[in-house]
Amino acid sequence: MSTLRLPYYTLSVEAYQGFAATKKALTKSTLGKPLVELVYLRVSQINGCAFCLEMHSKALRSDGMPDAKIDSLAGWRVSSHFDARERAALAWTESLVDVAHTHAPDEDFAPLKEHFNDAEIADLSFAVALMSAFNRLAIGMRQ
């Protein structure tokens, strides 16, 4: 493990508190904690954030998610552990994390409308954006 480059959370307190407030707001989302944590974990897998991978895997396990489901998350497209709602959310997650290449196409957005209301789609998008930001901070500052 590397040494922390800068304690960004104490140097930019207001900005960090804004992220924390967003995370807290998402705990109230009707998406449900298990789905939000799965999204956080998938974003962290894609971005390679070891700190966040450990944190979100531990949270999912402590909330009772089966190990097999957590362990197969990177292969969710071919795994039988994920339902249609989760698959729609995970496809959107991957689309937004790699938005420079995907441009968030309609084929990734359209399935969301079958499983989520507009507020939930907004919450899902905020969850992806938030975790992407946290990953960049943790990786960049060597947390």
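The values are calculated or read from the model by the stated rules, or taken from the named source; none is laboratory data. Remember, it's a predicted structure, so these values are computed and weren't measured experimentally. Methodologically, a virtual Cβ is constructed for each residue, glycine included, from the backbone with ideal geometry; neighbour enumeration extends over all protein chains shown. Calculation scope for accessible area: heavy atoms of the full protein, side chains included, ligands and nucleic acids excluded. Shrake-Rupley method; radii C 1.70, N 1.55, O 1.52, S 1.80 Å.
Please give the helices (runs of 4 or more DSSP H) falling wholly within the range 81-143 in which 1 or more residues are touching a Leu at 6+ places or on another chain (Cβ under 9 Å), of a type in the set (Gly, Ala, Ser) and without any contact (Cβ under 8 Å) to a residue 40 or more places away in the chain. Step through it out loud before you land on a result.
Numbers: elements: 84-97, 99-102, 106-109, 112-115, 118-140.
Ranges flagged: 84-97, 118-140.
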Can you name the residue in the range 71-90 that is under 14 Å from the mean Cα position of the chain (by Cα) and surrounded by fewer than 18 Cβ atoms within 10 Å (Cβ to Cβ) and is also nearest to Phe134 (Cα to Cα) among such residues? Ala74
Say we look at the range 23-49 and pick out the residues that are surrounded by 15 or more Cβ atoms within 10 Å (Cβ to Cβ) and among the hydroxyl-bearing types (Ser, Thr, Tyr); which of these is farthest from the chain's Cα centre (by Cα)? Ser29
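Hey, can you tell me all the residues within the range 60-70 that are open to solvent by 70 Å² or more (accessible area, probe 1.4 Å) and in a loop (DSSP other than H, G, I, E, B)? Give the derivation first.
So the first thing to find is which residues in the range 60-70 are open to solvent by 70 Å² or more (accessible area, probe 1.4 Å), and the list is 61-63, 66-67.
If the condition is that a residue be open to solvent by 70 Å² or more (accessible area, probe 1.4 Å) and in a loop (DSSP other than H, G, I, E, B), then Asp63, Pro66 are the ones that fit.
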Under 7 Å by Cβ, and 6 or more places apart or on different chains, what pairs join a residue from the range 1-12 that is among the aliphatic types (A, V, I, L, M) with one that is surrounded by 11 or more Cβ atoms within 10 Å (Cβ to Cβ) and part of a loop (DSSP other than H, G, I, E, B)? Leu4/Met141; Leu4/Arg142; Leu4/Gln143; Leu6/Met141
